There are 2 protein chains.
Amino acid sequence: MVVERLPLYARALALLQYEGQEVVSSAELGERLRVTPAQIRKDLSYFGRFGKQGRGYNVSKLLEELRLILGLDRQWRMALIGVGKLGRAILEYGGFAPQGFRIVQAFDVNPDIVGKELGALVVRDVSELEPALAAEPVDIGIVAVPAQVAQQIIDALVRCGVKAILNYAPIPVHKPPGVEVRPVDPVLQLQRMAYYLKSLAIPTK
Amino acid sequence: MVVERLPLYARALALLQYEGQEVVSSAELGERLRVTPAQIRKDLSYFGRFGKQGRGYNVSKLLEELRLILGLDRQWRMALIGVGKLGRAILEYGGFAPQGFRIVQAFDVNPDIVGKELGALVVRDVSELEPALAAEPVDIGIVAVPAQVAQQIIDALVRCGVKAILNYAPIPVHKPPGVEVRPVDPVLQLQRMAYYLKSLAIPTK
């Protein structure tokens, strides 16, 4: 689907802009992104006419358009649920804020963690999740709780009207239509690669 | 592809085993995993006959078989490149080792980090990467360096004979055939969801 690729286009264009390049062909963009030039032209034509035949795309203009289309021109407010080791790493991760994704609320169940000040946030008890999000809505929920309680947290976020959830818990989840849940699951990626490595029958100790 | 789903089956079975369930039908497994029962039967039949018609699958036996097929019955050795904030979170993440994925070497370029003892590891200078991996090979490389240098690190890993790479750097990478590179990219997932949220035209501040 085109939405899988558009953020990659925006990223490649941002890098080109940073490198000072003003125009880029679909061939060059395709080479950078491992996508065929035909696919790129098709994806972009879906949103209107960008490049001129044989002239390539204006990097800054296309980037600006894509950022608008993707909603990357604004700030998105996020709530983090689960402030254990993983949750803390997510809080400290420097890659979200520059892209417009800000964690503005954090919740945990552990009394040693609840009430702690982390950066600009105070961790609240997860029992306050629903009133807190009613008072101060967020766009996105980040679930970083153990697998056994992930579903109930996701249900609570859905009840709060959250329509987009980034799920770090290693389970597939139930969700109503109209809610997007996307996984971040490095162990799953490793397990898939283990299968590949095994198929190579690499001799290892 | 079946390899995308098999680790999910193994996970669901491990949970069923933990819950004390001895037999599971493809319908129940499908319900848990959001996959059709027909797909499950097809995926599993690909590896030989598991369940008995109308009797369901023996949970422990199927799990054991899947773990063998997937290579989850053994230890995989990993090298981490990049021990900044993200790399440290990866080192401290408790989810890899119980699944058989162990980080046994770590490298960085920052003189403040090189030489540091982190758990059982001493962080080495990235200039030692190739001799170190020649002396003590690993199965998997984890790339947690900034985007600008990710490609050169991946090239170095490939030269060392590493065939599987988990890439946390937010760029698509070039790799020779026969090498698997899988991304872990939460920002990309957020950007895709932002596009979705924008399409809903949710009123936000």
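Readers should treat all values here as calculations from the given coordinates under stated rules, not as data from a laboratory. All values reported here derive from a predicted model rather than from experimental measurement. Cβ atoms come from the backbone with ideal geometry, glycine included; neighbour counts cover every protein chain shown.
Distances between copies at B:TYR46, taken between label points 7 Å from Cα along the C-beta direction, are 2.6 nm in increasing order.
Please report the net charge: other residues with Cβ closer than 13 Å to the Cβ of A:PHE96, K and R +1, D and E -1.
On the way: positive: A:ARG77, A:ARG102, B:LYS85; negative: A:GLU92, A:ASP139, B:ASP185.
Residues near A:PHE96 contribute 0 overall.
Cβ neighbours within 10 Å, averaged per peptide: list B:37-44, A:141-148 in order, most packed at the top.
Numbers: B:37-44: 16.2, A:141-148: 20.8.
Ranking, from highest mean packing down: A:141-148, B:37-44.
Taking Cα atoms only, the orientation of helix B:186-200 departs from the longest principal axis of chain B by about 60 degrees.
Residues whose amide H lies under 5 Å from that of A:PHE101, counting only those 5 or more places away or on a different chain, are A:TRP76; hydrogens are built 1.01 Å from N in the peptide plane. DSSP assigns beta bridges within the protein assembly as shown; of those with both partners inside it, close to 20 percent run antiparallel.
A helix-only calculation puts chain A at -13000 deg cm²/dmol for mean residue ellipticity at 222 nm, using -39500 (n - 2.57) for each DSSP H run of at least four residues, averaged over all residues. By the count of other C-beta atoms within 10 Å, a proxy for reagent exposure, A:MET193, A:MET1 are ordered fewest to most as A:MET1, A:MET193. Here the extension length gained between A:LYS85 and A:TYR46 equals 9.8 nm, from 0.36 nm per residue of separation less the Cα-Cα distance.
Among the residues of B:153-166, the average count of other protein chain beta-carbon atoms within 10 Å of the residue beta-carbon is 2.
Each other copy places its own label point for A:GLY95 at 1.4 nm from this one, sorted shortest first, where the point lies 7 Å along the Cα-to-beta carbon line. The long axis of helix A:59-70 is offset from the longest Cα principal axis of chain A by roughly 40 degrees. What does the net charge come to around A:VAL83 if you take all other residues with beta carbon closer than 15 Å to its beta carbon, with K and R at +1 and D and E at -1? Residues near A:VAL83 contribute -3 overall. Quick check: from the Cα gyration tensor, does the range A:26-165 come out rounded (a/c under 1.5), prolate or oblate? Since a/c reaches 1.5 and a/b is larger than b/c, the shape of the range A:26-165 is classed as prolate.
Close amide H contacts of A:VAL83 (hydrogens built in the peptide plane, cut-off under 5 Å, sequence separation of 5 or more or a different chain): A:VAL109.
Across the range A:32-38, computed HN-Hα scalar couplings (Karplus, 6.51 cos²θ - 1.76 cosθ + 1.60, θ = phi - 60°) run 5, 9, 6, 10, 6, x, 4 Hz from first to last residue, x flagging Gly and Pro.
Are any of the pairs B:LYS85/B:LYS163; A:LYS163/B:LYS42; B:LYS175/B:LYS198 more than 31 Å apart by Cα-Cα distance, and if so, which? From the list (B:LYS85/B:LYS163; A:LYS163/B:LYS42; B:LYS175/B:LYS198), the Cα-Cα distance tops 31 Å for A:LYS163/B:LYS42; B:LYS175/B:LYS198. Of the GluC sites (Glu not before Pro) found in the range A:86-132, none is in coil by DSSP with at most 14 other Cβ atoms within 10 Å of its Cβ. Computed from backbone phi, the HN-Hα couplings of the range B:72-87 come to 8, 8, 9, 9, 10, 9, 10, 10, 9, 10, x, 10, x, 4, 5, x Hz, rounded to whole numbers (Karplus: 6.51 cos²θ - 1.76 cosθ + 1.60, θ = phi - 60°; Gly and Pro given as x). The Cβ shell under 15 Å around B:LEU68 holds other residues with a net charge of +1, Lys and Arg each +1, Asp and Glu each -1.
Rounded to the nearest 5, what % of the DSSP beta bridges within chain B are antiparallel ones?
Values: 5 of 25 bridges.
Roughly 20 percent of the DSSP beta bridges within chain B come out antiparallel.
By Cβ position, the chain A residue that hugs the axis carrying A onto B most closely, with its distance in whole Å, is A:ALA89, 2.
Taking the C-alpha atoms only, the angle from helix A:147-159 to the longest principal axis of chain A is near 80 degrees.
Averaging the Cα positions of each part gives two centres, and for the range A:1-67 and the range B:85-161 these lie 33 Å apart.
Sequentially through the range A:5-14, phi angles give Karplus couplings (6.51, -1.76, 1.60; θ = phi - 60°) of 9, 3, x, 5, 4, 4, 5, 5, 5, 4 Hz, Gly and Pro residues having no value and appearing as x. Using a 7 Å projection from Cα along Cα-to-Cβ, the label point at B:PRO176 is separated from the same position in the remaining copies by 5.3 nm, smallest value first.
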